[in-house]
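To keep things clear, I will list the structure first and then write my remarks on it.
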Amino acid sequence: MASTYVKSITGLLAAGALLMGATGATAADRVKIEWWYAISGKLGDTVQKLISDFNKSQDKYEVVGTFKGNYEETMAAMVAAYRVNQQPAILQSAERGFMTMLNSGAVIPVDQLMAKQGYKIDWSDFVKPVAGFYIVNGKPAALPFNSSTPILWYNADAFNAAGFDAPSDTWQGLEKQLYALKEKKVTDCPMALPGDFQWSLIENYSAINNYPFATKANGYGGLDTEFVYNKTGVVGQVARLKKWVDDGVLKIAGQGVAPISLFTSGTCATIINSTASHSGVEADAKFKWSAAVMPHEEGVDVKNGTIGGASLWAVKGKSEEVQAGVAAFFNFVAQPATQEWWSKATGYVPVTNAAYQKMKTDGYFKDHPTREIAIEQLSRGEPTDNSRGFRFGNHNQSTAILIEEIQAVWTGKKTPQEALDSSVKRGNEILRQYEKLHAGK
Amino acid sequence: MPASDAIMIRNEGAATRPRLPLRRSLSSLVGTSEAGLKASHFRRPWLAAGLLAPQLLILLFFFFIPTWKALSLAFVQVDPFGGTMIFVGLENFTTLFSSPEYRDSAILTLWFTVVQCIATLVIAGLLAFATDNVMRGRAIYKGVILLPYAIAPAISGVLWAFLFNPTVGPLAQMLHEIGFAWDPNRRPFDALLLVSVAAVWKHVCYDYIFLVAAFLAVPASVMEAAAIDGARPVRRFFTVTLPMAAPTIFFLIVMNFVYGLFETFGIIDTVTHGGPAGSTNTLVYKVYQDGFRQLDLGSSAAQSVILMAIAVLFTFLQFRAVERKVNYQV
């Protein structure tokens, strides 16, 4: 009995070894570069196309891309893998995880990597709001990859039916329009609440209206930054959103349905969502749709919005030839031609001026005017400490707290002021914890 | 307990041949090969060790090593990548105990676990009682009840979330039409109700299988005697079947607690994400959120240590308080 087991087990092992040997042999001529990414759906298909284009463009390296779940899940997978030395060579990480990656000690600064491998990348060519975020002390920490910003998507048919040409550029004006859409029974859902509303309706709102979100230039000035958004116009914004939710003007999609699909299906007339929704909206929306810049408060000096999306990090602990492959891939991604193709295919903003200018001179934005809105919104006004961006340690944690507290406003458990006070207090504890752990970095 | 129990049954078993519950018939099977010896006796110790090894290895890798990891992380604050680590003593614990969110989560978990446990048992009990009395199509009836158990928690969670989604869900629309302001995104009670129903729905089948077996194991002679004495089915159920099924019910109470405390994670993740405003954020879901989403490994480890202590305490209390009242003898 036992011996047959032993036999079958050794048989299995031998078969496994054969299989591994076989795959090892075919891959031997190319160096494998593992890349973990976090975007799915149509965007994920485009990532796979990018990878296969790179693999076809040369014969030394083979990039293997694996979807590891959303940004948080991908980061968690990375952390777990890094601790047992099974990390990928490239990681796509969201802007919210920037500080975590920067201070992780697990990454190679991208300019070092490129210089060492003999590639020249013109870092000054990256568009300002993108460069402003990823460049630390004059040096880029990661390669900007998919950069986006939230824009206001609207159903033009619905707006016309209610007698409007386009959405107002102020929140006050937009409010009247949304209520009119409901009162005139054009739609039962004038606006859908995006899943990442804290990014668009709170953080970007704060930047565009030039309110301070935290001290020390929103964290750019040091780890001893403190949240202050409970003392700014953000309180009024949350109160406005609460009123809209109560009046049925703003609908929360909830679990089981993606907020953007409420817009593309025609259920809701507007949504403030990432410009990267372009590929999805273009494919799915069966009505006349358009987009506009995010509204601002009446009478403020309007500033630029902030970027979202992610960048590519070169991860430590890989052999020299793998690093050379990572650099080759980064160089491929940073080419104006790749940038242009990527931006057109996805809706993300072109991250280099070269790519942007080329798209402009080719007349691409004349045919696709909504594709330029994000860039326009990112470059409104002269950036201030309030609008440059956000650099907070453990930003995921303070974001989760902010969302939880604002949900307490939806449920009526807290007033906007109470919720934001509590959110700031809890968020500051997170910042102090991070400061303590990373003192001197 | 099982060994002496088995022997006792063997002694009297041959004459009356009662239909035995699964566990007991198993232990009696093991016992028959070596008459007169303890059921757990093996002549060759290596065989015993070999048979034990898989279970011990599973315990080692899925219990002892994780427990050690949790304990070692619970007293530190650490960078997710392990670069920096500061020993903070009991700070992770004191922060938790002074946090109103953590207290809310603990109260919620208790409520959820108790309600889920009772509701699951009662519904499964009713269905199992009915099974005894269903004559036609019994197989179909059983099959339909057992179906939910075959569906992965994440998939059933997505289905529940979609069906009761206030904007697009068909069942939510029906609730709206009959006048309920159903909205689990904004009404914490609705959200809690939804995850409770989803959790119960998923677990009823488990309790049902055990209860059907336990009810079938009640000796026909006892039931017939009760019938001759004039007890109707409902009365027979409460005075004969239930007391005789007490060991199974006790076992199910423990299992339901474990399920409610630890295994409803997938359902909560898909149905509510712990929201709105943490109103369905149970302790185990919070461990996941804080540890794997927020990468606050120190706090997450401290929470799992607390959770482990709670689980041990509950099981101990249940064995002390409830098991004494359970009579294992037929």
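The values are calculated or read from the model by the stated rules, or taken from the named source; none is laboratory data. It should be emphasised that the depicted structure is a prediction, and the values quoted were computed from it without experimental measurement. Backbone-built Cβ (ideal geometry, glycine too); neighbour counts: all protein chains shown.
Observations on the structure shown:
- Subset of region A:415-441 [within 8 Å of chain B (Cβ to nearest Cβ) and part of a loop (DSSP other than H, G, I, E, B)]: A:438
- In summary, residue B:186 fulfils each of the numbered conditions (1) facing chain A (nearest Cβ under 8 Å); (2) over 22 Å from residue A:267 (Cα atoms) with the single exception of condition (2).
- Residues satisfying the criterion are present in region B:259-282 (criterion: at pLDDT 85 or above and acidic (Asp, Glu)).
- Sub-7 Å Cβ pairs linking a first residue in region B:159-179 that is of a type in the set (Val, Ile, Thr) to a second residue that is part of a helix (DSSP H, G or I), at least 6 apart or interchain, are B:167/A:262, ordered by first then second residue.
- In the set (1) in contact with a Gly (Cβ under 7 Å, 6 or more places away or on another chain); (2) crowded, with 20+ Cβ neighbours inside 10 Å; (3) assigned to a helix (DSSP H, G or I), residue A:304 fails one condition alone, (3).
- Any pair with Cβ under 9 angstrom, 6 or more apart, that starts in region A:258-271 at a residue that is away from every other protein chain (no Cβ under 11 Å) and ends at one that is among the basic types (Lys, Arg): A:264/A:286; A:266/A:286
- Selection over region B:40-70 of residues that are of a type in the set (S, T, N, Q) and either exposed (fewer than 11 other Cβ atoms within 10 Å of the Cβ) or part of a helix (DSSP H, G or I) (or both) gives a count of 2.
- Tallying residues that are surrounded by fewer than 18 Cβ atoms within 10 Å (Cβ to Cβ), in a helix (DSSP H, G or I) and of a type outside the set (Val, Ile, Thr) within region B:227-250 yields 8.
- Per the conditions (1) surrounded by 11 or more Cβ atoms within 10 Å (Cβ to Cβ); (2) touching a Lys or Arg at 6+ places or on another chain (Cβ under 8 Å); (3) at pLDDT below 90, the sole criterion not satisfied by residue B:32 is (1).
- Test: residue in region B:128-143 that is under 30 Å from residue A:190 (Cα atoms) and either among the aromatic types (Phe, Trp, Tyr) or free of Cβ contacts under 8 Å to residues at least 12 places away in the same chain (or both): no
- Condition met for residue B:198 (within 14 Å of chain A (Cβ to nearest Cβ), within 29 Å of residue B:257 (Cα to Cα) and touching a residue at least 60 places away in the same chain (Cβ under 8 Å)): yes
- Qualifying position, being closer than 19 Å to residue A:148 by Cβ and touching a strand residue (DSSP E or B) at 6+ places or on another chain (Cβ under 7 Å), among A:252, A:260, A:202: A:260
- For region A:210-257, filtered to residues that are among the aliphatic types (A, V, I, L, M) and assigned to a loop (DSSP other than H, G, I, E, B), the residue that is farthest from the other protein chains (Cβ to nearest Cβ) is A:228.
- Where a residue in region A:299-321 is free of Cβ contacts under 8 Å to residues at least 60 places away in the same chain and its partner, wherever it lies, is not hydrophobic (A, V, I, L, M, F, W, C), with Cβ under 9 Å and at least six apart: A:299/A:170
- For region B:71-88, the set of residues classified as assigned to a helix (DSSP H, G or I) and either within 24 Å of residue A:97 (Cα to Cα) or within 14 Å of another protein chain (Cβ to nearest Cβ) (or both) consists of B:72, B:73, B:74, listed by residue number.
- When residue B:91 is tested against (1) at pLDDT 90 or above; (2) away from chain A (no Cβ under 12 Å), just one condition goes unmet, and that condition is (2).
- Region A:47-101: number of residues that are surrounded by fewer than 16 Cβ atoms within 10 Å (Cβ to Cβ), touching a residue at least 12 places away in the same chain (Cβ under 8 Å) and in a loop (DSSP other than H, G, I, E, B): 6
- Considering only residues in region A:102-121 that are surrounded by fewer than 22 Cβ atoms within 10 Å (Cβ to Cβ) and in a helix (DSSP H, G or I), the one that is farthest from the other protein chains (Cβ to nearest Cβ) turns out to be A:115.
- Yes/no for residue B:229 being among the acidic types (Asp, Glu), out of contact with any Pro (no Cβ under 8 Å at 6 or more places or on another chain), at pLDDT 90 or above and under 20 Å from residue B:200 (Cβ atoms): no
- Failed criterion for residue B:135 (all others in (1) within 8 Å of chain A (Cβ to nearest Cβ); (2) within 18 Å of residue B:216 (Cβ to Cβ) hold): (1)
- Residue B:96 closer than 30 Å to residue B:73 by Cα and either away from chain A (no Cβ under 12 Å) or polar (S, T, N, Q) (or both): yes
- Search result, residues across region A:195-209 that are at pLDDT 95 or above and part of a loop (DSSP other than H, G, I, E, B): A:209
- Those residues of region A:182-194 which are closer than 15 Å to residue A:167 by Cβ and part of a loop (DSSP other than H, G, I, E, B), in sequence order: A:186, A:187
- Candidates in region B:277-299 are the residues that are without any contact (Cβ under 8 Å) to a residue 40 or more places away in the chain and among the hydroxyl-bearing types (Ser, Thr, Tyr); of these, the one that is nearest to residue B:76 (Cα to Cα) is B:288.
- Evaluation of residue A:162 against (1) surrounded by fewer than 24 Cβ atoms within 10 Å (Cβ to Cβ); (2) closer than 24 Å to residue A:404 by Cα; (3) small (Gly, Ala, Ser) (one fails), failing number: (2)
- Looking across B:175, B:110, B:121, one residue alone is touching a Leu at 6+ places or on another chain (Cβ under 7 Å) and either among the hydroxyl-bearing types (Ser, Thr, Tyr) or at pLDDT 90 or above (or both). It is B:121.
- Of all residues in region A:269-284, those satisfying the criterion of being part of a helix (DSSP H, G or I) and of a type in the set (Gly, Ala, Ser) are A:276, A:277, A:279, A:280, A:283.
- Scanning region A:229-271 for residues that are among the charged types (D, E, K, R) and within 27 Å of residue B:157 (Cβ to Cβ) yields a single hit, A:251.
- Among the residues listed as B:274, B:278, the single one being more than 21 Å from the chain's Cα centre (by Cα), within 14 Å of chain A (Cβ to nearest Cβ) and over 19 Å from residue B:62 (Cβ atoms): B:278
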